[in-house]
Amino acid sequence: WRNKDCKHEFDLNRCKKCGESRLFPFQVEGSRFLETALAVNNGGAIFDEMGLGKTIQALAYLKYHNENQPVIFVLKSAIKVQWWKECIKWLGPEWLGQVIDSAKTFIIPQAPCYFVSFDIFTKRKTKSGSMTGKSVDDFAHCKTVVIDECQQIKNPDSARTQMIRRLCKGKKVIALSGTPWKNRGGEFFSILNMLSPMKFPSH
(Lines give C-alpha, C1' and ligand atoms only; values in the text may rest on other atoms or scores of the structure.)
Protein backbone atom coordinates (compact mmCIF):
# COMPACT_ATOMS: atom_id res chain seq x y z
CA TRP A 1 0.00 0.00 0.00
CA ARG A 2 1.14 3.56 -0.65
CA ASN A 3 -0.44 4.77 2.60
CA LYS A 4 1.13 2.35 5.08
CA ASP A 5 -0.03 4.34 8.12
CA CYS A 6 -3.74 3.79 7.43
CA LYS A 7 -5.56 0.82 8.92
CA HIS A 8 -7.67 0.33 5.84
CA GLU A 9 -11.41 -0.17 6.00
CA PHE A 10 -12.60 -1.01 2.50
CA ASP A 11 -16.05 -0.36 1.10
CA LEU A 12 -15.89 -2.69 -1.91
CA ASN A 13 -12.58 -1.62 -3.47
CA ARG A 14 -11.98 1.79 -1.84
CA CYS A 15 -10.75 2.59 1.67
CA LYS A 16 -13.23 4.75 3.58
CA LYS A 17 -10.42 6.42 5.53
CA CYS A 18 -7.72 7.32 3.01
CA GLY A 19 -9.40 6.70 -0.36
CA GLU A 20 -6.82 4.16 -1.52
CA SER A 21 -8.05 1.55 -3.99
CA ARG A 22 -7.65 -2.19 -4.33
CA LEU A 23 -8.58 -4.72 -7.01
CA PHE A 24 -11.91 -6.51 -7.09
CA PRO A 25 -11.59 -10.31 -6.78
CA PHE A 26 -12.37 -10.84 -10.50
CA GLN A 27 -9.63 -8.35 -11.38
CA VAL A 28 -7.17 -10.34 -9.28
CA GLU A 29 -8.19 -13.44 -11.25
CA GLY A 30 -7.62 -11.59 -14.50
CA SER A 31 -4.13 -10.49 -13.53
CA ARG A 32 -3.31 -14.05 -12.40
CA PHE A 33 -4.51 -15.30 -15.77
CA LEU A 34 -2.10 -12.89 -17.49
CA GLU A 35 0.70 -14.21 -15.31
CA THR A 36 0.00 -17.77 -16.46
CA ALA A 37 -0.54 -16.80 -20.10
CA LEU A 38 2.73 -14.88 -20.36
CA ALA A 39 4.58 -17.77 -18.78
CA VAL A 40 3.53 -20.27 -21.48
CA ASN A 41 2.85 -18.08 -24.57
CA ASN A 42 4.11 -14.87 -26.16
CA GLY A 43 1.36 -13.07 -24.32
CA GLY A 44 -2.15 -12.96 -22.93
CA ALA A 45 -5.31 -10.93 -23.39
CA ILE A 46 -8.13 -9.48 -21.31
CA PHE A 47 -11.40 -9.05 -23.22
CA ASP A 48 -13.71 -7.86 -20.43
CA GLU A 49 -16.56 -5.50 -21.21
CA MET A 50 -16.06 -1.75 -20.92
CA GLY A 51 -15.78 -0.47 -17.36
CA LEU A 52 -14.56 -3.70 -15.76
CA GLY A 53 -10.95 -2.60 -15.32
CA LYS A 54 -8.86 -4.12 -18.11
CA THR A 55 -6.27 -1.38 -17.54
CA ILE A 56 -6.01 -2.20 -13.84
CA GLN A 57 -5.60 -5.94 -14.49
CA ALA A 58 -2.72 -5.33 -16.90
CA LEU A 59 -1.05 -2.94 -14.46
CA ALA A 60 -1.52 -5.39 -11.60
CA TYR A 61 0.45 -7.99 -13.53
CA LEU A 62 3.23 -5.52 -14.33
CA LYS A 63 3.40 -4.42 -10.67
CA TYR A 64 4.88 -7.77 -9.67
CA HIS A 65 6.98 -8.39 -12.78
CA ASN A 66 9.54 -5.63 -13.01
CA GLU A 67 11.66 -7.96 -15.13
CA ASN A 68 9.32 -7.05 -18.01
CA GLN A 69 10.42 -3.40 -18.02
CA PRO A 70 10.68 -1.30 -20.09
CA VAL A 71 7.07 -1.49 -21.26
CA ILE A 72 5.59 0.26 -24.28
CA PHE A 73 1.85 1.00 -24.18
CA VAL A 74 0.27 1.31 -27.65
CA LEU A 75 -2.97 3.27 -27.31
CA LYS A 76 -5.48 5.55 -28.95
CA SER A 77 -3.95 9.00 -29.00
CA ALA A 78 -6.66 10.56 -26.82
CA ILE A 79 -6.02 8.30 -23.81
CA LYS A 80 -2.21 8.35 -23.56
CA VAL A 81 -2.24 10.79 -20.63
CA GLN A 82 -5.04 8.85 -18.93
CA TRP A 83 -2.92 5.69 -19.02
CA TRP A 84 0.09 7.66 -17.75
CA LYS A 85 -1.97 8.80 -14.75
CA GLU A 86 -3.25 5.27 -14.07
CA CYS A 87 0.32 3.94 -14.05
CA ILE A 88 1.34 6.49 -11.41
CA LYS A 89 -1.83 5.84 -9.37
CA TRP A 90 -1.55 2.04 -9.28
CA LEU A 91 2.19 1.41 -9.65
CA GLY A 92 3.75 4.42 -7.96
CA PRO A 93 6.29 7.09 -9.00
CA GLU A 94 8.90 4.50 -9.98
CA TRP A 95 6.70 3.89 -13.05
CA LEU A 96 6.90 7.51 -14.17
CA GLY A 97 6.97 6.96 -17.93
CA GLN A 98 7.34 9.06 -21.06
CA VAL A 99 4.42 10.15 -23.23
CA ILE A 100 5.50 10.22 -26.89
CA ASP A 101 3.59 13.04 -28.59
CA SER A 102 5.20 13.08 -32.02
CA ALA A 103 7.74 11.39 -34.24
CA LYS A 104 10.25 14.10 -33.27
CA THR A 105 10.04 13.37 -29.52
CA PHE A 106 13.38 12.29 -28.07
CA ILE A 107 13.22 8.85 -26.46
CA ILE A 108 14.48 8.73 -22.86
CA PRO A 109 16.32 5.38 -22.85
CA GLN A 110 16.11 4.86 -19.07
CA ALA A 111 12.32 5.33 -18.80
CA PRO A 112 10.42 2.35 -17.30
CA CYS A 113 7.59 2.73 -19.82
CA TYR A 114 6.43 4.65 -22.88
CA PHE A 115 2.96 5.71 -24.04
CA VAL A 116 2.50 5.96 -27.82
CA SER A 117 -0.39 6.09 -30.27
CA PHE A 118 -1.04 3.51 -32.97
CA ASP A 119 -0.22 6.00 -35.70
CA ILE A 120 3.13 7.18 -34.33
CA PHE A 121 4.89 4.58 -36.50
CA THR A 122 3.02 5.47 -39.70
CA LYS A 123 5.29 7.07 -42.27
CA ARG A 124 3.91 10.36 -43.60
CA LYS A 125 5.33 12.86 -46.06
CA THR A 126 5.66 16.40 -44.74
CA LYS A 127 5.17 19.58 -46.76
CA SER A 128 8.94 19.74 -47.25
CA GLY A 129 8.89 16.28 -48.80
CA SER A 130 10.66 14.48 -45.94
CA MET A 131 9.22 11.38 -44.26
CA THR A 132 8.18 11.44 -40.62
CA GLY A 133 7.22 8.65 -38.22
CA LYS A 134 8.84 6.85 -35.31
CA SER A 135 10.79 3.70 -36.05
CA VAL A 136 9.91 0.58 -34.09
CA ASP A 137 13.67 0.18 -33.65
CA ASP A 138 13.56 3.13 -31.24
CA PHE A 139 11.82 0.77 -28.81
CA ALA A 140 13.94 -2.32 -29.42
CA HIS A 141 15.06 -2.21 -25.78
CA CYS A 142 11.49 -2.67 -24.53
CA LYS A 143 10.56 -6.12 -23.21
CA THR A 144 6.75 -5.89 -23.11
CA VAL A 145 4.09 -4.38 -25.38
CA VAL A 146 0.62 -3.55 -24.03
CA ILE A 147 -1.91 -3.02 -26.84
CA ASP A 148 -5.10 -1.31 -25.69
CA GLU A 149 -8.11 -1.49 -28.04
CA CYS A 150 -6.32 -4.23 -29.96
CA GLN A 151 -9.15 -4.40 -32.51
CA GLN A 152 -7.32 -1.48 -34.13
CA ILE A 153 -5.03 -4.05 -35.77
CA LYS A 154 -7.74 -6.34 -37.13
CA ASN A 155 -6.52 -6.20 -40.75
CA PRO A 156 -3.42 -8.44 -41.05
CA ASP A 157 -2.39 -6.74 -44.31
CA SER A 158 -2.57 -3.12 -43.16
CA ALA A 159 0.56 -1.04 -42.64
CA ARG A 160 -0.48 -0.37 -39.03
CA THR A 161 -0.74 -4.09 -38.23
CA GLN A 162 2.61 -4.82 -39.88
CA MET A 163 4.32 -2.11 -37.83
CA ILE A 164 2.79 -3.35 -34.57
CA ARG A 165 3.80 -6.89 -35.50
CA ARG A 166 7.40 -5.72 -35.94
CA LEU A 167 7.21 -3.87 -32.63
CA CYS A 168 6.03 -7.03 -30.82
CA LYS A 169 8.66 -9.33 -32.29
CA GLY A 170 10.70 -10.91 -29.50
CA LYS A 171 8.63 -9.22 -26.77
CA LYS A 172 5.87 -10.20 -24.37
CA VAL A 173 2.43 -8.95 -25.47
CA ILE A 174 -0.63 -7.99 -23.42
CA ALA A 175 -3.75 -7.27 -25.47
CA LEU A 176 -6.83 -5.48 -24.15
CA SER A 177 -10.22 -4.89 -25.73
CA GLY A 178 -13.92 -4.80 -24.91
CA THR A 179 -14.77 -5.53 -28.55
CA PRO A 180 -12.02 -7.78 -29.97
CA TRP A 181 -13.96 -8.15 -33.22
CA LYS A 182 -16.98 -6.37 -34.66
CA ASN A 183 -18.06 -8.10 -37.88
CA ARG A 184 -16.44 -11.52 -38.27
CA GLY A 185 -14.13 -13.82 -36.36
CA GLY A 186 -11.34 -13.43 -38.90
CA GLU A 187 -10.68 -9.96 -37.47
CA PHE A 188 -9.46 -11.72 -34.33
CA PHE A 189 -6.57 -13.46 -36.10
CA SER A 190 -3.92 -10.72 -36.03
CA ILE A 191 -3.82 -10.37 -32.26
CA LEU A 192 -4.17 -14.12 -31.60
CA ASN A 193 -1.20 -14.77 -33.86
CA MET A 194 0.90 -12.26 -31.91
CA LEU A 195 -0.11 -13.79 -28.58
CA SER A 196 0.48 -17.43 -29.57
CA PRO A 197 1.86 -17.99 -33.08
CA MET A 198 2.21 -21.75 -32.46
CA LYS A 199 -1.51 -22.11 -31.75
CA PHE A 200 -2.64 -19.62 -34.41
CA PRO A 201 -0.06 -19.87 -37.22
CA SER A 202 -2.24 -18.85 -40.16
CA HIS A 203 -5.36 -16.92 -40.99
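The values are calculated or read from the model by the stated rules, or taken from the named source; none is laboratory data. None of the values given here were measured: they were computed from a predicted structure. Note that we place each Cβ from the backbone using ideal geometry, even for glycine, and neighbour counts take in every protein chain shown. Surface accessibility is based on the protein's heavy atoms, side chains included, excluding ligands, DNA and RNA. Shrake-Rupley method; radii C 1.70, N 1.55, O 1.52, S 1.80 Å.
Measuring with a 1.4 angstrom probe and ignoring ligands and nucleic acids, R166 comes out at about 120 Å² accessible.
Please state the charge dipole magnitude for region 39-130, taken about the Cα centre, from unit charges on C-beta atoms (+1 on K and R, -1 on D and E), reported in debye and rounded to the nearest 20. Present the calculation step by step, with values, prior to reporting the outcome.
Working: 11 positive and 7 negative charges, 113 e Å.
The dipole of region 39-130 has a size of about 540 debye.
Are any of the pairs K85/K199; K7/K171; K134/K154 more than 32 Å apart by Cα-Cα distance, and if so, which? Mind dumping the intermediate values first?
Values: K85/K199 35 Å; K7/K171 40 Å; K134/K154 21 Å.
Over 32 Å Cα-Cα: K85/K199; K7/K171.
For D101, the accessible area of its heavy atoms, probed at 1.4 Å with every protein chain present, is near 120 square angstrom.
Residues of the chain: accessible area per residue at 1.4 Å, in Å²?
Computed with neighbouring chains in place, this is 56 Å² per residue.
For region 157-203, taking Cα atoms only, Rg and Dmax work out to 10.7, 30 Å respectively. The candidates H141, H8, H203, arranged from most to least accessible area with a 1.4 Å probe in the full protein assembly, appear as H203, H141, H8.
Could you look at the chain and say what percent of its accessible area is carbon and sulfur, using a 1.4 Å probe and all protein chains?
Numbers: 6040 of 11310 Å².
In the chain, the share of accessible area belonging to carbon and sulfur is 53 percent.
With the helix formula -39500 (n - 2.57) applied to DSSP H stretches of n ≥ 4, the chain reaches a computed 222 nm mean residue ellipticity of -8000 deg cm²/dmol.
Sorted largest first by accessible area at a 1.4 angstrom probe radius, with every protein chain in place, the residues W84, W90 fall in the order W84, W90.
Report the FRET efficiency, 1/(1 + (r/R0)^6), for H203 and K169, where r is their Cβ-Cβ distance and R0 is 22 Å, rounded to 0.05. All intermediate terms of the calculation are to be shown ahead of the outcome.
On the way: r = 18 Å, r/R0 = 0.83.
The computed FRET efficiency comes out at 0.75.
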